Structures are given as C-alpha cells and as structure tokens.
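Below is one structure; the comments refer to it alone.
The values are calculated or read from the model by the stated rules, or taken from the named source; none is laboratory data. Everything numeric here is computed off the predicted structure, so don't read it as measured data. Reconstructed Cβ throughout: ideal geometry from the backbone, glycine too, with neighbour counts over all protein chains shown. All accessible areas refer to the heavy atoms of the entire protein, side chains included, with ligands and DNA or RNA removed. Shrake-Rupley method; radii C 1.70, N 1.55, O 1.52, S 1.80 Å.
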Amino acid sequence: MHLLPLLALPLLASALPLSHSSQSKPHHPRTGSSIPLSKTFTLTLPSGLLNLNGLLTQLSYLNTKYSPPGSLGLGLDTSKLEAKTGLGARGRKGRRQNGQEGGVGMTDYKDLMWYGPVSVGSEGQTFMLDFDTGSADMFLAGSTCPNCGNHTLYNPSSSSTSTPTSQNFTLKYGDGSQATGMIYRDTVTIGGMTAQQQAVGAASYETGSFSRDVTSGLLGLAYPSLSAFNDTPFFSTLMAQGTPDSGVFAFKLSDTGSELWLGGSDAPFVQGPIDWTPVTKQKYWEVGVDALRVGYEDTAAGNFSAIIDTGTTLVIGDSARVGAFYALIPGAKEDASVGSGFYSFPCNASLPGITLEFANASQGRPWEIDPEMFNLGPVRTGSSDCLGGIVSQGNYPFWIVGDVFLKGKSVLFDMDRNRFGVAGIVQ
C-alpha cells in the first residue's frame, strides 16, 4: 500500500468598507445553496479575557499546518503560553488556568474553526465537518476507529457508493496527535449539491485530541495542487461534474447567522459591489496586498502576498511589517509575557482605522478590520493592556489572513476566474 506523507491539516457585524455604494440586487432565482455554519470557541472568553489555551492551540496548529516536511516551520512562539497554561506542545497534560488569566481548559484546534453539516454515502449519513480554505482534502472518523470518542463514524461498508482506493494516509495535527486510515471514494452532498466518487479519508486510529473534537472531520476548499491525497477537492469535483451553475462559493462569518454559500456570487447575504482581486498562485487562495494602513492614510506595510484562510483566527505576517504596523498604534508594545511576535495596546485606546487594500482589485477600496475582532482582550484580570490580533512570525513567504479580518464581511472564492472577493453583509 502507498503511504502518503504526513499532512499538515487544520486544525476556523457588517463589513466596514471606507467607501460604499448601495446596489439593489437583480430579481432572478438564486443559483447557489446555503449551509449554516457554527463555531464553538473564540479567542476571547465571555469574561472579556484572552483565551490563552485557545491561543496556544491555534498557534500550535498553525505551526504544523504551514510546516511542510523538511522545513523549519511557521515559527510562531508558543513557549511563554505553554508555561502560562501548563500545556506542553502536544497539549496533553497541564493545569487549568487560574482565575487571573483567561483559560477554559484544553481547547481543540478544530473547535476554533467554522463547521456545518455534510452528507456522505448512499445512506446519506450526516457529519459535522470543518470548512477550511487553507487545506484541500476531506477526512472523517472511520467506523473501525477504537478511540474516536462520540463522533459520528463513517462506515464505508454501509454505503453502496463507496469504493476503496488502496491508498493509506497519516494525518498530523497541530497539537502533535495523529490519525491513520484509508482513502475511499464516495458520494458527498453539501446543501443539496452532490459530488460523485469524492476522495474521503476514513481514520481508523487516532491519538490525542481528535476524540474530544466537536466535529467528525474536515473538508478542504483550496486548489487541487494543495491536496496531500493527490486528489481533487470537493468543490473542484462539483465543478468538474457540472453540478453548480457557477464555480463560486462564499462565506458569511459573523456572530449569528454564519453560512457557506455554494455555487454562485449571488448569495443573499452579499451587499454592495464585490471587490475582486486576482489569485496569484493557485494552491492556497493567495492574493496580493497593496497596503496595510493605520488611520486610513499611514502605510504600515505594503506589497506582500497573503493567503485567505477560514481555518485561521489571527492575521499573521512577517516581523518587519508587523513591527512597523504596531509602531503606528498609540501605546502599542511587544508583549513578552505572551511570546515573541505578540503585541499589546491600551484597552481603552481609540484605535485608528486599520485597513487592508488588495492588489489589482476591481473596486480598489480599503477594507477595515473590525476593532472588536482586532482586540483579543486582556491577558489577565485587571490588566489595562489588550492583545492585538495581528501577530508576527519571522519571515514566512506570505501573510495568513483569518477571522480577525474576515469576520463581519462577505468573502467570496471564484474558481472559474481565479479571484477572491470581499463585500458587505446584508443586515
């Protein structure tokens, strides 16, 4: 049998454009379908404190997700957080944090991602899976897994449309846990759209955090060239089989009513003109960024590449540009108590507008980061400093843009024209 390499898998208000022109939507039947999304945890606790355990889990996951075999890795510093939480890099043993610092016990990386219902097999068995634009493969907990907790388990033998491929896989997670299993082909349906003979990994053995996860697996939405299964991702399969009218899918990520829309840019939550920017490399959803600005005018960083990742909470960039960005935030300073590359600022500060402008964009507008998303909260009770949601990681070749920017906007992914779009959200 062929053993695939370790996979670095993931672990995921209104938009604030500075210029806005309202457009009425044409009255025609919508071509896509909607899938409701949920998210278990955020990086800010109900008390307003920073969730240190959740932050550590996210960083450990990202270090693995963006660390191909033989590389030095993403390089996010987790040493101080491990000391604060009592959790080692594998996240298996530790103490619950005390009441002075934000912690809710162990948090699994997939609990920080957006998930929704997916139907698999001839019997239409429903699984809750994470939807991730930063990966390309699909996997589930398999029926032969002896330690997969209370998950819904995928049993290929119960599906008349399932066929084995004879390919094995090993998945490596951000907290050091692993899964092994076999790749099958089966029908996969999301929102009424069915992909025939879709590659599905069925995990037969798990170690570590998987047995505690809320979801039963993950569904990647990146380009086929990112697939560690060396196969076709779900949405690309739909397109190849002519199922959707359009090769576009869209996310609405918000505190309530989050959803994934498959098969068109006419999602009912999209408001105003869409600001399209071309994909520069068809692997991740990689785009160019002309400017990161502070106060709508001062350019903190410019001319860099970024990938759009619904499986990431933070915005992560190189050390030089992130340092220049925080130099323009009044009172901001590097926070050594959290780790290298993290910055805090006065919680009561009136933040200047923080915006991203995408390269060669159709509208050419700046898009603002919601101050409530940027502010991850104070590290400890009584602290007057709050942690910022933009973090540095050395000199990785691209930035990673997650929820800190994406939440509160309509974000669209167009595989027909290889472009990424941003728009407002209908209130």
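Some observations on this one:
- Filtered residues of segment 366-380 (kept if open to solvent by 20 Å² or more (accessible area, probe 1.4 Å) and modelled with pLDDT of 90 or more): Pro366, Glu368, Asp370, Pro371, Glu372, Met373, Asn375, Pro378
- Only residues that are open to solvent by 60 Å² or more (accessible area, probe 1.4 Å), assigned to a loop (DSSP other than H, G, I, E, B) and under 21 Å from Asn53 (Cα atoms) were counted across segment 324-350, and they come to 2.
- Residue in segment 279-299 that is part of a strand (DSSP E or B), at pLDDT below 90, farther than 23 Å from Pro244 by Cβ and more than 19 Å from the chain's Cα centre (by Cα) present: yes
- Checking Asp231, Asp186 one by one, the residue that is modelled with pLDDT of 80 or more, in a strand (DSSP E or B) and open to solvent by less than 40 Å² (accessible area, probe 1.4 Å) is Asp186 and no other.
- Any chance Ala203 is open to solvent by less than 40 Å² (accessible area, probe 1.4 Å) and small (Gly, Ala, Ser): yes
- Check on Ser265, open to solvent by less than 20 Å² (accessible area, probe 1.4 Å), at pLDDT below 90, over 27 Å from Met182 (Cβ atoms) and outside any helix (DSSP H, G or I): no
- Of the residues making up segment 126-168, those that are in contact with a Leu (Cβ under 9 Å, 6 or more places away or on another chain) and either in a strand (DSSP E or B) or farther than 27 Å from Ile308 by Cα (or both) number 19.
- Pairs, first closer than 15 Å to Met113 by Cα in segment 401-412, second small (Gly, Ala, Ser) and outside any loop (DSSP other than H, G, I, E, B), C-beta under 6 Å, six or more apart: Val401/Ala306
- Verdict on Ala361 being open to solvent by less than 50 Å² (accessible area, probe 1.4 Å), in a loop (DSSP other than H, G, I, E, B) and modelled with pLDDT of 95 or more: yes
- Of the strands (runs of 3 or more DSSP E) lying entirely inside segment 381-427, those containing at least 1 residues that are open to solvent by less than 30 Å² (accessible area, probe 1.4 Å) and more than 19 Å from Ile369 (Cα to Cα) are 410-414.
- Residue count, segment 71-87 (criterion: surrounded by 18 or more Cβ atoms within 10 Å (Cβ to Cβ) and modelled with pLDDT of 75 or more): 5
- Residues satisfying the criterion are present in segment 240-249 (criterion: within 17 Å of the chain's Cα centre (by Cα) and at pLDDT 95 or above).
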